[in-house]
Amino acid sequence: MHYSFHPDAEKELDEAIVYYNGCQKGLGLEFAKEVYLAIQNILSFPDAWGTLSANTRRCLTNRFPYGVIYQIADKEVYIIAVMHLSREPNYWKKRERKA
């Protein structure tokens, strides 16, 4: 199974990495590792996490207050958001691909 990012999700990831690096040297790398670990878990067990809508799921990172919002279509994981959990909860809905 492969994965791809919605352009805004990739931007969210990059911005969070920059933010965490500004907080502490190397913390952005640690954040990136956590996000990519979540993505690897999704690729291994795509149906393991709870649904947010008919075809959208969320996997939480371990050390950071973020969730990876994704959809599965045609043997691809499409990441639609790398969402900070205190953000507006449904801001990503306009990015969903319809089933």
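Figures for the structure shown
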quantity	calculated
Single residue of ARG97, ARG58 found to be buried (at least 18 other Cβ atoms within 10 Å of the Cβ), over 17 Å from LYS11 (Cα atoms) and of a type in the set (D, E, K, R)	ARG58
Meets criteria (at pLDDT 95 or above and either among the β-branched types (Val, Ile, Thr) or touching a helix residue (DSSP H, G or I) at 6+ places or on another chain (Cβ under 6 Å) (or both)) for ALA32	yes
Tabulated pairs, region 82-99, first within 10 Å of THR56 (Cβ to Cβ), second assigned to a loop (DSSP other than H, G, I, E, B), C-beta under 8 angstrom, 6+ apart or interchain	ARG95/HIS6; GLU96/ASN55; ARG97/ASN55; ALA99/ALA54; ALA99/ASN55
Residues (in contact (Cβ under 8 Å) with a residue 40 or more places away in the chain, in a strand (DSSP E or B) and over 13 Å from the mean Cα position of the chain (by Cα)) located in region 23-65	SER53
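The values are calculated or read from the model by the stated rules, or taken from the named source; none is laboratory data. These numbers come from a predicted model, not from an experiment. When we count neighbours, we look across all protein chains shown, and the Cβ atoms used for this are built from the backbone with ideal geometry, even at glycine.
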